[in-house]
1. Could you tell me which residue of segment 128-176 is most open to solvent (accessible area, probe 1.4 Å), considering only residues that are touching a residue at least 24 places away in the same chain (Cβ under 8 Å) and under 18 Å from L220 (Cβ atoms)?
2. Consider R339 against the criteria (1) open to solvent by less than 20 Å² (accessible area, probe 1.4 Å); (2) closer than 25 Å to Y139 by Cβ: it satisfies all of them except one. Which criterion is unmet?
3. Please list, ordered by residue number, the helices (runs of 4 or more DSSP H) wholly in segment 224-306 having 3 or more residues that are open to solvent by less than 40 Å² (accessible area, probe 1.4 Å) and under 24 Å from L334 (Cα atoms).
4. Find the residue count for segment 307-327, including only residues that are aliphatic (A, V, I, L, M) and surrounded by fewer than 16 Cβ atoms within 10 Å (Cβ to Cβ).
5. Kindly establish whether M181 is more than 27 Å from I264 (Cβ to Cβ), over 30 Å from the mean Cα position of the chain (by Cα) and modelled with pLDDT of 95 or more.
6. Quick one: what pairs do we get from segment 219-241, first residue in contact (Cβ under 8 Å) with a residue 60 or more places away in the chain and under 12 Å from L342 (Cβ atoms), second of a type in the set (S, T, Y) and assigned to a loop (DSSP other than H, G, I, E, B), C-beta under 6 Å, 6+ apart or different chains?
Amino acid sequence: MLSSSSSAAAAAVVLTTTSGRAPLLHLPRTPRPTTAARIAAAPDSSRARAGGAPLLLGSAVPRRRGWALVCRDSSLPGPPGVDPVAEEEENRKKTEAVAAAAAARIASSGGGGGGGGGSLSDWTTSVLIFGIWAGLMYYIFQLAPNQTPYRDTYFLQKLCNLKGDDGFRMNDVLVPLWYIMGLWPLVYSMLLLPTGRSSKSKIPVWPFLILSCIGGAYALIPYFVLWKPPPPPIDEEEIGQWPLKFLESKLTAGVTFAVGLGLIVYAAKAGGEDWQEFIRYFRESKLIHITCLDFCLLSAFSPFWVYNDLTARRWKNGSWLLPLALIPFVGPSLYLLLRPSLSSLLAATGPSDDKTQ
């Protein structure tokens, strides 16, 4: 009993002196064998698996720094037999080839070939416009009011000055509207020639412009469906010939704007009775009904053609006229009066184009 207690006390003293950083006994350590000794002690079978060749480890063979690394230093020489200049040139050619292929794809898609996104968008727009035109034709021939066909014939003869003065006074709103409808084909001719011509569909615009003198927007919308920009190139000799010389004239644009503005003011000054009578005509007469729709369609399409002509002439300072183009007839005719002429555009861009070529 006493011997066990004394043994426990001695063990406690030993632990206390050890935790108190007392010097421990130095035990001899068996030295680890060197690499050469391990290789020599290895069985012959392991050396034979290497095909009899010695196993090269550590500094036995000097390694080239960074040669086998995945992320090697670009400043260090590459593998033997590889010319860095030739490799860089080859990479540059590959990059240029990829860029050229991408540019060709973009050009083909934007130019209407290959069924790209641009072609799909143009096709969708054409189908939509054609659907609107077809619906309008059905409405005009089947659903438009036609309660006064004999009065429509009489109005048409009076408006065309085919009847003399018989004492009947025409409506003061209908007469200005009729004459403005005669000015719209001239405005569209000035907008579509030459910047609204189609170079890809090979369909001329002038037959539709001539038909618009009778059919208005109903004759122009089929051309809008078939129109495919950009317009064909134009030279200065063509500008000096008919009809572009007449359509590009500031005198033509000024007279059109002044006459149209005067007609609108004349209609606005008409009394309330004339406007009430005109509304009644709109509800009963097929002639007046489709004429009002024609005026609305021409006014709705004109801002787009103003924008098309403005961008074709590269007139950056004329963007403030785009909101004004929403004003029926006045806005487009004002743009025609203020826009730069094609001759001045050719004079300004000719030298730079020559240098580019």
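1. Here the residue is F130.
2. Unmet for R339, out of (1) open to solvent by less than 20 Å² (accessible area, probe 1.4 Å); (2) closer than 25 Å to Y139 by Cβ: (2).
3. On the way: elements: 236-239, 244-247, 250-268, 272-284.
Passing ranges, in order: 250-268.
4. Taking segment 307-327 as the starting set, the residues that turn out to be aliphatic (A, V, I, L, M) are 310, 312, 321-322, 324-327.
Of the ones still in play, those that are also surrounded by fewer than 16 Cβ atoms within 10 Å (Cβ to Cβ) are 322, 324, 326-327.
Result for segment 307-327: 4.
5. On the way: more than 27 Å from I264 (Cβ to Cβ): no; over 30 Å from the mean Cα position of the chain (by Cα): yes; modelled with pLDDT of 95 or more: yes.
So M181 does not fit the description; no.
6. Taking only residues 6 or more apart or on different chains, the pairs are P231/T195; P231/S199.
The values are calculated or read from the model by the stated rules, or taken from the named source; none is laboratory data. Treat the numbers as computed from the prediction; the structure is a model and nothing was measured. No Cβ is skipped: glycine too gets one built from the backbone with ideal geometry, and neighbour counts run over all protein chains shown. Ligands, DNA and RNA are stripped out before the accessible areas are found, and what is left, the full protein with its side chains, is counted by its heavy atoms. Shrake-Rupley method; radii C 1.70, N 1.55, O 1.52, S 1.80 Å.
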